[in-house]
Structures are given as C-alpha cells and as structure tokens.
Amino acid sequence: LVTEKDGLSAGTAIAARAHFGLAATDLPSGRELHPTGEQQGRASAAWWGATMRGGLVCISVYCHDTIGCTAAPNQQLWQQVAEFAAALRVPYIIAGDFNDTPDNLTAAGWLLTMDAVIVAPEAATCNGKTYDFFIVSNRLRHAAIYCVVIDDAAFGPHLPDLVTQALTCL
C-alpha cells in the first residue's frame, strides 16, 4: 500500500512450503480476516490443517506504530482480529508486531474478549522493548512452552522471536 506520505507501508503475510498445507480460504469459522480501509494489510490468517485434528489458525498482526495500543486505529484493528478469533472453532496463534508491550496490551483489555494468553520473550525485540510476541489460545497454551528472541538475525530493528515447542508436542 502507498501511504499518505507516498511511502510504502509494511503488512502481514503467512507463508509456508506447500507441503505444510496452509489454506487462506475455508477457515473453520467460515469467515476470512481481511481488514479494510485504514486496517488494510494489517492482519491476515491461514488455516493449518496438518498440525492436529481440526487444525489451527495462524494469524499475523501488524499494529500501527508510534500511537500505542489504545489509539483508535489499533483498537479498531484489534476488534476485527478478536471477533475473527472468537468465531473460530479451532485453536489459534496470533504472531505480531504489536508496536506496544505485552503489559500495555493486557492493561488495555485486549485479551478480555479472548480465551488466550500472551507468550512473549524476556529479551527485547526492538529498540530495547518487547513489541513482537504471540497471543496463544488457551487450547494451545500447554504447547507454547516459552518464547525466545533470535538474536543473531541479520536484519533489524526488529528481531524475530519464536515460540518453542509450540507445534512439536501437538
């Protein structure tokens, strides 16, 4: 997308090798996650049927930066994501650049409408703060052992993180 300042915006995607069986359509809720307007490109979802009986849904989120999680654009984005996740009949994992800390998201009440927990690394992921982490449905919480930062990544300013054991013990 081209921004108001004629720059290119970032966005989300979920990708995997074909043999992993991701599907962008036919999500178990019968709905799809395609935010529009100001939220366009900031959330996407895919169903991963090869992981467990019934599969799980992977959701990627990129919140608006520099405004915090309580600003209207991020609240609107979160409402769309939370409504989508609540309609799912299978577990989900939300991976995101939330552009705010786990504590601020919790304080803002973002998780109140979801049966989920935040799984975040102890180390910072961007400019000394933890902005990149996961929200895991409680139906998968037992499998998300902990989250670590991949600190030798060859790019920045965001460092990638990984929920370890998330799918290996399903």
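Some observations on this one:
- Selected residue (only one of 120, 108, 71 is touching a helix residue (DSSP H, G or I) at 6+ places or on another chain (Cβ under 9 Å), within 24 Å of residue 38 (Cβ to Cβ) and small (Gly, Ala, Ser)): 108
- Tabulated pairs, the stretch 62-87, first on the phi < 0 side of the Ramachandran plot, second assigned to a helix (DSSP H, G or I) and open to solvent by 60 Å² or more (accessible area, probe 1.4 Å), C-beta under 6 angstrom, 6+ apart or interchain: 69/104; 73/38
- Neighbours by Cβ (under 6 Å, 6+ apart or cross-chain): first from the stretch 90-116, surrounded by fewer than 23 Cβ atoms within 10 Å (Cβ to Cβ); second assigned to a loop (DSSP other than H, G, I, E, B) and β-branched (Val, Ile, Thr): 101/130; 108/70
- Enumeration of residues in the stretch 121-157 that are open to solvent by less than 40 Å² (accessible area, probe 1.4 Å), farther than 22 Å from residue 88 by Cβ, in a loop (DSSP other than H, G, I, E, B) and touching a Phe, Trp or Tyr at 6+ places or on another chain (Cβ under 8 Å): 121, 125
- Pairing residues of the stretch 45-58 that are surrounded by fewer than 18 Cβ atoms within 10 Å (Cβ to Cβ) with residues that are outside any strand (DSSP E or B) and β-branched (Val, Ile, Thr), at Cβ distances under 7 Å and at least 6 apart in sequence or on separate chains, gives 54/90.
- Filtered by the rule that a residue be of a type outside the set (A, V, I, L, M) and within 13 Å of the chain's Cα centre (by Cα), the stretch 75-90 gives 78, 80, 84.
- Residue within the stretch 97-110 that is aromatic (Phe, Trp, Tyr) and not in a loop (DSSP other than H, G, I, E, B) present: no
- Residue 59 meets all of the listed conditions (1) in a loop (DSSP other than H, G, I, E, B); (2) modelled with pLDDT of 85 or more but one, namely (1).
- With respect to the conditions (1) modelled with pLDDT of 90 or more; (2) buried (at least 20 other Cβ atoms within 10 Å of the Cβ), residue 73 lacks only one, and its number is (2).
The values are calculated or read from the model by the stated rules, or taken from the named source; none is laboratory data. Worth saying up front: this structure is predicted, and the values here are computed from it rather than measured. Neighbour counts run over all protein chains shown; Cβ positions are idealised from the backbone, glycine included. What goes into the accessible areas is simple: the full protein's heavy atoms, side chains included, and nothing from ligands, DNA or RNA. Shrake-Rupley method; radii C 1.70, N 1.55, O 1.52, S 1.80 Å.
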